[in-house]
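Visitor: Okay, here's the structure, questions in a sec.
None of the figures in this text is laboratory data; all of them are computed from the coordinates on show. On a predicted model such as this, the values are computed, not experimentally measured, just so you know. All Cβ positions, even for glycine, are placed from backbone atoms using ideal geometry, and neighbour counts span all protein chains on display.
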Amino acid sequence: MNQSRRWLIVLALPVVFVVAAGAMRMASAVKYTPVDLKPLGNFPMDPLNGSDKDIPARFRKLDGHRVALQGSMWGGFSEQRTENFQLIYSFPHSYGGPPLVQERVFATVPNGGSVQWRGELVTVEGTLHVGILKTGQYVASVYRLDVDRVQPAALTSTNRGLFVAARIAAVLLQLILGFRWLNRLQLRRRRLSNRLCPECGYDMRASGSRCPECGKVVVDYWPNQIQI
Ligand SMILES: [Zn+2]
């Protein structure tokens with residue numbers, strides 16, 4: 001095995017490793033079902049006497065599911081980090097007041113964790129719990145979410161796929177450039193050892209310090225090259 005081949009393997013191994021690790025991470029990634037936040041709260045419910053029966057069945061079915069919700073963080077004071085917040089579709093509400101209780105997803109970061117507070121539109125991934133919880137007489141929450149991750153919405157879903165594709169393309173490009181560079185290096189070395197011009201491959205055995213074909217000054221390559 002010649003030296004260039006060895007270099008190829010040394011260069012390619014980490015790239016193969018990175019690509020394989022990325023593929024494994026994508027394959028093992030938890031899948032979150034995207035759920036539209038706006039219709040989630042769009043049903044009538046008496047905040048005093050409301051019960052689970054008021055929640056449409058298609059929303060009750062989401063209980064315990066891993067979901068991705070897009071909305072705005074609300075209910076805090078723009079702290080740097082927070083362990084709980086509410087996720088809402090819009091504020092103020094279309095009728096001018098605050099969102100109804102069924103229009104809020106009460107998000108909590110489990111195990112004492114916290115997330116960065118974000119003012120822009122976010123995508124929140126986590127496990128959704130559906131069902132009415134009361135504080136005294138009043139419905140305190142309908143939707144609760146155990147948060148796994150909060151990201152700017154611009155970074156998620158299709159965009160994340162694009163980022164992954166771009167990263168793979170960058171690795172491939174780097175690989176191609178690396179191969180081309182190694183090929184050129186190898187060709188140049190072969191030409192020099194055969195006393196051919198390293199630039200164009202012209203036979204320099206009978207020529208002087210300059211390649212008559214391409215003009216390359218070659219006097220430094222072979223110490224006993226004829227000086228003309
Ligand atoms: Zn030449």
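Visitor: So, in nm, how far is label Leu182 from label Asn194 when the simple model puts each one 7 Å beyond its Cα toward the Cβ?
Guide: For Leu182 paired with Asn194, the spin-label model returns 2.1 nm.
Visitor: For Lys53, which aspartates and glutamates qualify as cross-link partners when the Cα separation must be under 19 Å and same-chain residues fewer than eight apart are set aside?
Guide: Asp63, Glu103
Visitor: Could you rank the peptides 192-199, 212-219 by their average count of other C-beta atoms within 10 Å per residue, with the highest value first?
Guide: Output ranking for 192-199, 212-219: 192-199, 212-219.
Visitor: To continue, here is another question. Note down the relative contact order for the range 31-156 as a percent, whole number, built from C-alpha pairs under 8 angstrom at least six residues apart.
Guide: Rounded, it is 29 percent for the range 31-156.
Visitor: Here's a follow-up. When all alpha-carbon pairs of the range 169-221 are counted, what percent fall beyond 12 Å?
Guide: Within the range 169-221, distances greater than 12 Å cover 64 percent of Cα pairs.
Visitor: Here is a further query. In whole percent, what relative contact order does the range 100-151 give with Cα contacts below 8 Å and a gap of six or more residues?
Guide: Averaging sequence separation for qualifying contacts and normalising by length gives 50 percent for the range 100-151.
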